[in-house]
Amino acid sequence: MLDWNPLIITLETAVTATTITFFIGIFLAYGVMRMHKGQGLMDAIITLPLILPPTVVGFFLLLLFGKRSFIGQALLQWDIHLVFTWPAAVIAAIVVSLPLMYRTTRGAFEQLDPNIIYAARTLGVSEWRIFWHILLPNTRQGILAGLVLSFARTIGEFGATIMFAGNIPGHTQTMSTAIYAAVQANDYALAEKWAAGIILFSLLFILSLNHWLNRQTRKAF
Amino acid sequence: MKKFFVLLLTILILTASVGCQQQLATTTTPEKQSPIELHIAAAASLTDVMQELAAVYAQEHPEVTITFNFGSSGALQQAIENGGQTDLFFSAAAKQMNALEKSGNLLAGTRKDLLENSLVLIVPQDSRLELNAFADLSRPELKHIAIGDPSSVPVGQYTEEVLTNLGISDDLTAKAVYGYDVRQVLAWVATDEADCGIVYATDAASTPQVKVVAAAPAGTHQPIIYPAAVLRDTKHPEEATAFLAFAASEKARAIFTKYGFICK
Amino acid sequence: MELIVSLEKKLPAFTLKADFTLKDEVFALLGASGCGKSMTLKCIAGIERPDKGHIVLDGKVLFDSEQQINLPPQKRQIGYLFQHYALFPNMTIAENIRFVMPPNTAHNDKTIQKLLNTFQLTDLADTYPAALSGGQQQRAALARILATPAKILLLDEPFSALDSYLKGQMETELMDILPAYGRTAILVSHDRGEVYRLADKAAVINQGKMETPQNTKDLFHNPQTLAATLLTGCKNISRAQRIDDRHIYALDWDLPLKTVAEPSSQIKYTAIRAHFLTAQEKTAGENVFPMEVVRVIEDTFSYIVMVRPQGKAVKPLRWELDKQQWQQLKKTTLYLYLPPEQIMMMNS
C-alpha cells in the first residue's frame with residue numbers, strides 16, 4: 001500500500017506556504033514600490049533566494065533560525081524548535097517561493113498606469129481604499145500568475161527543505177524528498193510511483209489553473 | 001478579489017492549525033502510554049539497510065517507533081548543530097561525526113565506529129571489456145569512467161586517493177565523468193553510459209545491473225568508516241543507546257553484511 | 001479662488017522653476033513636451049514634491065518647504081484631469097463617480113444622476129471605461145471631478161488624446177464647466193490654438209524655466225522671447241540687429257526692415273507671422289522686397305509658399321495665403337510686403 005503522507009504533507013506545506021507568500025509578497029511588492037531609498041537593495045535581498053542554490057538557502061535558514069542564532073535562542077525561550085519540523089518546511093517553501101510572488105506582483109503593480117493611482121489620490125480616495133479597490137483589482141491577473149508560480153515552486157521544492165526541515169516520513173517528507181529517499185533506498189519502483197504522482201499532480205494542477213485563469217481573464221471587468 | 005482573499009485566509013488558518021495539531025500531537029505523546037518515537041538521522045547511503053534494521057528491531061521492541069531522516073551526512077550534521085532535534089546519528093564518514101563531537105553535540109561515550117565500507121571497480125553486467133584491476137583503468141579503449149566529484153563527494157575523495165597512489169590519476173582526467181553523488185555514478189554504469197565506475201561495495205551490491213571486477217588494493221585509501229552516536233539532546237537516552245547496541249549486535253551484523261558492509 | 005505657486009524642482013535634464021498667481025481665471029502653461037509643464041501640475045496636486053517653494057490655494061498652504069508643510073493629494077481639493085483621463089478600469093462610470101464620494105447612498109444617487117445627466121452619460125452609467133470613446137471618457141472624468149469638492153481644475157493636455165473633430169466639441173463643453181470653478185483652472189498644453197481660445201493668461205515654459213505670464217492675447221501678438229515666438233506658432237524668425245530708431249537688419253534673410261516701435265539695442269531676433277505677408281505689384285517704398293518662390297505646398301484651406309529674397313542664398317520665409325489668392329497670383333517672382341506693425345522684436 002502506498003503511503004499517502006508525502007502527498008498530504010506536500011499539499012499542506014504548499015498551500016500554507018503559498019498563502020503566506022501571497023500576503024507577504026503583495027505587501028513587500030507594495031512596500032518596496034513605494035520606498036524612496038534603498039529600493040534596489042531591498043529588491044535584491046528578496047530576490048536572492050531565486051538565484052541561490054536551494055541548498056544554500058537551506059543552509060542560511062539553518063544559520064538564521066538555528067539554536068545558535070539570535071532568533072533560534074529567542075524561539076527556544078518558548079520551547080520552539082524549528083529545525084526538522086513541519087513549520088521549517090513551510091518557512092523553506094516561503095523563502096524560495098517569495099521572490100516569484102514578489103517579482104510578479106511588483107511587475108503587475110508597475111504595469112498599472114500610475115495616473116490611475118494619482119487620479120484616485122487627487123480625488124481624495126484614501127491609500128487603503130486605493131490599494132484594495134483600485135490597485136489589487138486592476139492587477140489581479142499578475143497577482144494570480146505570481147500565486148501560480150509560487151505554488152508550483154513550493155510543490156517542487158527540495159534543496160532548502162531537506163536541509164532545514166529534514167526528510168522525516170510523516171512529518172517533513174514531501175513528494176520530492178520521498179523520491180530522493182526512495183532512490184537512496186534503491187527502491188526505484190517507489191521512486192517512479194512518486195515521480196509519476198508528482199507529474200500527474202502538477203499536470204492536473206496547471207491544467208485546471210489555466211482553465212480557471214482563462215475564465216478569469218474572459219470575465220469582463 | 002476580496003472573496004478570494006478571505007478564501008485564502010481561511011485556507012491558511014485551517015492548514016496551519018492542522019499542521020500545528022500534528023506538531024503538538026508528536027511532542028505531547030511521551031506524556032501518554034503511546035509508543036516512544038526515536039528519531040534517527042542517517043546518511044542517505046544507509047537508507048535501505050537502516051529500514052530493514054528498523055523493521056527487525058520493531059518486532060522485538062513494539063514500544064518503540066523509529067522515524068528516519070535520511071540526507072547527506074554533511075547536511076544532517078549542519079542541521080543537528082543548528083538545533084535539529086534527533087536522537088541518533090549514523091554518519092557516512094568520520095569527518096561529520098568529529099565535528100559534532102567537537103561541538104559537544106554527542107552523548108559522551110556513545111560514539112561507535114560501526115561499519116566499514118570498501119571501494120570497488122564496477123562494470124555494466126554485460127560488459128565485454130574484461131577489466132580485472134584498478135590498474136586496467138589506463139587502458140586506451142575506455143571512453144568514460146564514472147567517479148564521484150573529488151571536490152565535494154566523499155566517494156570521489158577516496159577514489160582520487162586510490163588513483164593517485166596507483167599513479168594513474170593523470171591518465172584518467174580526460175575520461176572521467178564526475179557525479180555529484182555515488183548513486184549517480186552507479187546509475188551511469190548500470191545504464192551502460194559509462195564503461196566502468198568506482199563506487200562503494202554496498203552500492204555495487206544494491207543492483208544486479210553491475211558487477212564488481214576489483215576491489216581497491218589494501219592501503220591505497222583511508223579506511224571508510226561509518227560512525228554512529230547518540231546525541232546529547234536526545235529525550236530518550238536509554239532507548240537510543242539500546243538501539244545503537246542493537247546495531248552492533250550479531251543480528252544486525254548479518255543484515256549489514258548482506259548489504260555489503262564490513263562490520264567493525 | 002486664488003492660487004499662488006512658487007516652486008523649484010531639480011529634474012534630471014533641468015531645474016524646473018515656476019512662479020505665478022491666478023485668481024478666478026484660466027491660466028495656461030504653453031510648452032513643448034517634456035518641458036516641465038506637467039510636472040508643475042503634479043507638484044500643485046501633490047503627486048510630486050517640489051524641492052523648494054510654496055503653494056497656497058485660497059489661503060490654505062498646500063506646500064511650503066520652509067514650514068515643512070506638504071499636504072497629501074487627498075487633502076488638497078484639486079481637480080486633476082489627466083491626459084488619458086485615468087478612469088478606474090475596474091469600475092463602471094457610475095461606480096467611478098460614486099467611489100470618490102463620501103458614503104451617503106441616497107444623496108449620492110441623486111448627485112450621480114445629475115452629473116451623468118449634465119455630461120450626457122446617463123445611458124453609459126453601467127458601462128466600463130474601456131468601452132467608451134475618448135470624448136465620453138473625458139466627460140466621465142470631468143463628472144468624477146465635479147463629484148468631489150475640488151476648488152480648482154488642472155487640465156493636463158486635455159484634448160491631445162481626442163480626434164480633431166471631437167476637440168472643438170469638448171473645448172466648448174469645457175468652457176461651460178469652467179464657471180463652476182469660478183473659472184479657476186490651469187491648462188497645460190502644447191497646442192497654441194487651445195491656449196488662445198481657452199486661457200485668459202498664459203506663460204511659456206521652456207526647459208523648465210517659466211517665463212513671465214502675460215495676457216494671452218498679448219503673448220500671441222507680441223511675444224517677448226524666442227521660445228514664446230516659436231510656441232505661439234510663428235514660423236518666420238531671423239536673427240536681427242538694430243540699425244537706427246526705426247530700422248533693424250534681419251540677418252538670416254539679409255533684409256533691412258522698418259519697424260513701428262523703436263528697436264532696443266539688445267535686439268536678438270525678429271519675426272513675422274506667415275499670413276501677415278502681402279503681395280504687391282512692384283517695389284514701392286520700405287519693407288517691400290522682390291522674392292523668388294522656392295516651393296509651394298498645398299494645405300487644406302491655404303497654400304504655403306516658401307519664398308526667398310531674390311538672388312540671395314538665405315533662409316526662406318514662409319507665406320500662407322488663401323487658395324484663391326494664390327491661384328490668381330501664381331508667379332515665380334513676387335514683391336512681398338512685410339507690414340512694419342507686424343514685425344516682432346525679441347531681446348532674448
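The values are calculated or read from the model by the stated rules, or taken from the named source; none is laboratory data. A quick note: this is a predicted structure, and the numbers were derived from the prediction, not measured. Every residue, glycine as well, gets a Cβ built from its backbone with ideal geometry; the counts of neighbours run over all protein chains shown. Ligands, DNA and RNA are stripped out before the accessible areas are found, and what is left, the full protein with its side chains, is counted by its heavy atoms. Shrake-Rupley method; radii C 1.70, N 1.55, O 1.52, S 1.80 Å.
Summary table
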{"item": "Options C:Q68, C:Q83: the member that is touching a residue at least 24 places away in the same chain (Cβ under 8 Å) and not aliphatic (A, V, I, L, M)", "result": "C:Q83"}
{"item": "Residues within the stretch C:149-183 that are more than 24 Å from A:V125 (Cα to Cα) and outside any loop (DSSP other than H, G, I, E, B), tallied", "result": "14"}
{"item": "Residue tally, condition open to solvent by 30 Å² or more (accessible area, probe 1.4 Å), of a type in the set (A, V, I, L, M, F, W, C) and either in contact with a His (Cβ under 9 Å, 6 or more places away or on another chain) or under 30 Å from B:L88 (Cα atoms) (or both), over the stretch B:101-140", "result": "2"}
{"item": "Test set (1) within 30 Å of B:I80 (Cα to Cα); (2) within 11 Å of another protein chain (Cβ to nearest Cβ); (3) surrounded by 21 or more Cβ atoms within 10 Å (Cβ to Cβ); (4) in contact with a helix residue (DSSP H, G or I) (Cβ under 8 Å, 6 or more places away or on another chain) - A:L136 fails condition number", "result": "(1)"}
{"item": "Which listed residue, of A:N167, A:N115, is modelled with pLDDT of 90 or more and either within 11 Å of chain B (Cβ to nearest Cβ) or more than 22 Å from the chain's Cα centre (by Cα) (or both)", "result": "A:N115"}
{"item": "Any helices (runs of 4 or more DSSP H) falling wholly within the stretch A:27-90 and containing at least 2 residues that are within 12 Å of chain B (Cβ to nearest Cβ)", "result": "A:54-65, A:70-77"}
{"item": "Residue check, A:R68 closer than 19 Å to A:A165 by Cα and modelled with pLDDT under 95", "result": "yes"}
{"item": "Verdict on A:Y180 being assigned to a helix (DSSP H, G or I), away from chain B (no Cβ under 12 Å) and either under 27 Å from B:A43 (Cα atoms) or not small (G, A, S) (or both)", "result": "no"}
{"item": "Pairs with Cβ under 6 Å, 6+ apart, first in the stretch C:223-242 and over 22 Å from C:L255 (Cα atoms), second assigned to a strand (DSSP E or B)", "result": "C:A227/C:V204; C:A227/C:N206; C:A228/C:V204; C:L231/C:L30; C:L231/C:V204"}
{"item": "Any hit, the stretch C:37-54, residues being modelled with pLDDT under 90 and buried (at least 24 other Cβ atoms within 10 Å of the Cβ)", "result": "yes"}
{"item": "Check on A:I26, out of contact with any Leu (no Cβ under 6 Å at 6 or more places or on another chain), open to solvent by less than 40 Å² (accessible area, probe 1.4 Å) and closer than 28 Å to A:W132 by Cα", "result": "yes"}
{"item": "Residue list for the stretch A:92-106, restricted to those being over 18 Å from B:I80 (Cβ atoms) and not basic (K, R)", "result": "A:A93, A:I94, A:V95, A:V96, A:S97, A:L98, A:P99, A:L100, A:M101, A:Y102, A:T104, A:T105"}
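Yes or no, residue by residue, for (1) within 25 Å of A:D187 (Cβ to Cβ); (2) outside any strand (DSSP E or B); (3) within 14 Å of chain A (Cβ to nearest Cβ); (4) hydrophobic (A, V, I, L, M, F, W, C):
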| position | (1), (2), (3), (4) |
| --- | --- |
| B:D48 | yes, yes, yes, no |
| B:Q59 | yes, yes, no, no |
| B:P62 | yes, yes, no, no |
| B:L115 | yes, no, no, yes |
| B:E141 | no, yes, no, no |
